[in-house]
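Worksheet: one structure, shown below.
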Amino acid sequence: MKRIAIHGSLQSGRSFLTQALAAMTGLDFIIQLPYSTVAYKYNLDSDIEKCHWPDSFVYCLGAFTQRILAEKRLDDLFISDGGVFNELSWIKCRFPHIDLIYERSMITSFEKVVVDYTLKEYDLILHVDSNSASDAIDQCLKQLYLNHRINHQLIDGSNPEEALNKMAECIQAKPVLSAKHALLKSQ
């Protein structure tokens, strides 16, 4: 495996496991830019909760663009924290009931671009399950996989050490650190 995307909600521990997997395998990793960084660059409100429809869409496009640029700078071996689905699932959950045709078509178009990028650019998608039926991002991601027939591997995130070992097995990587030490290094 070369390009790995690790999906899941923030509640799943995805970011922490991404960093630990990178430490465990010695692969480079890309983390999701904080909202504040993207907001500053595109002159958006610094509080994500005050981000209404137009600014939310600008945030998604900006974060998507920044992620692609970061991924293109690396060699073909990397682990991406969330892949490009982070931004898509965020906006879909933030505006689940948009009735206006124009805004709905913008999200649908963005989804087509993100899915196309995902299918072409990632060799493997690992989904860290939050094990919560009330986790909207987690459920949105699973629905995206189903709707677009996206091949992914479900990882139970309830035990981080077991999750890391399963992830290393899925990507067929020879560990340079044990899962336990990689978790400690990532804390």
- Restricting the stretch 52-65 to residues that are over 13 Å from the mean Cα position of the chain (by Cα) and touching a residue at least 24 places away in the same chain (Cβ under 8 Å), which is surrounded by the most Cβ atoms within 10 Å (Cβ to Cβ)? Y59
- Message: As an exercise: evaluate D116 against (1) among the acidic types (D, E); (2) modelled with pLDDT under 90; (3) closer than 30 Å to A168 by Cα and give the number of the one condition it does not meet.
- Response: (2)
- Six or more apart or on different chains, Cβ under 7 Å: which pairs go from a residue in the stretch 119-136 that's within 14 Å of F85 (Cβ to Cβ) and at pLDDT 90 or above to one that's hydroxyl-bearing (S, T, Y) and not in a loop (DSSP other than H, G, I, E, B)? Could you list them? V128/S12
- In the stretch 131-186, residue surrounded by the fewest Cβ atoms within 10 Å (Cβ to Cβ) [restricted to those that are part of a helix (DSSP H, G or I) and touching a Cys at 6+ places or on another chain (Cβ under 8 Å)]: A136
- Query: For the subset of the stretch 131-187 comprising residues that are charged (D, E, K, R) and over 17 Å from the mean Cα position of the chain (by Cα), which member is nearest to E111 (Cα to Cα)?
  - Reply: R149
- Which condition number does D45 fail, the rest of (1) touching a Gly at 6+ places or on another chain (Cβ under 9 Å); (2) outside any helix (DSSP H, G or I) being met? (1)
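Per-residue answers, yes or no, for (1) outside any helix (DSSP H, G or I); (2) modelled with pLDDT of 85 or more; (3) in contact with a helix residue (DSSP H, G or I) (Cβ under 7 Å, 6 or more places away or on another chain):
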site	(1), (2), (3)
L61	no, yes, no
T65	no, yes, no
K72	no, yes, no
S80	yes, yes, yes
G83	yes, no, yes
I91	no, yes, yes
P96	yes, no, no
- Message: So, G157, is that one among the small types (G, A, S) and at positive phi or not?
- Response: no
- Item | Selection within the stretch 156-187 - touching a residue at least 40 places away in the same chain (Cβ under 8 Å) and among the aliphatic types (A, V, I, L, M) | A163, L164, M167, A168, I171, A173, V176, L177, A179, A182, L183
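So in the stretch 1-32, with the set limited to residues that are in a loop (DSSP other than H, G, I, E, B) and surrounded by fewer than 19 Cβ atoms within 10 Å (Cβ to Cβ), which one is nearest to the chain's Cα centre (by Cα)? Step through it out loud before you land on a result.
Our first condition is that a residue be in a loop (DSSP other than H, G, I, E, B); within the stretch 1-32, this holds for 1-2, 8-9, 13, 26-27, 31-32.
Those still in the list that are surrounded by fewer than 19 Cβ atoms within 10 Å (Cβ to Cβ) too: 1-2, 13, 26, 31.
On the way: M1: 18, K2: 16, G13: 11, G26: 20, I31: 9 Å.
Among those that are in a loop (DSSP other than H, G, I, E, B) and surrounded by fewer than 19 Cβ atoms within 10 Å (Cβ to Cβ), it is I31.
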- Which of (1) among the polar types (S, T, N, Q); (2) touching a helix residue (DSSP H, G or I) at 6+ places or on another chain (Cβ under 8 Å); (3) at positive phi does S12 not meet, given it meets every other one? (3)
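The values are calculated or read from the model by the stated rules, or taken from the named source; none is laboratory data. Because the structure is a prediction, the values reported are computed rather than measured. Cβ coordinates were reconstructed from backbone atoms using ideal geometry, including for glycine residues, and neighbour counts include every protein chain displayed.
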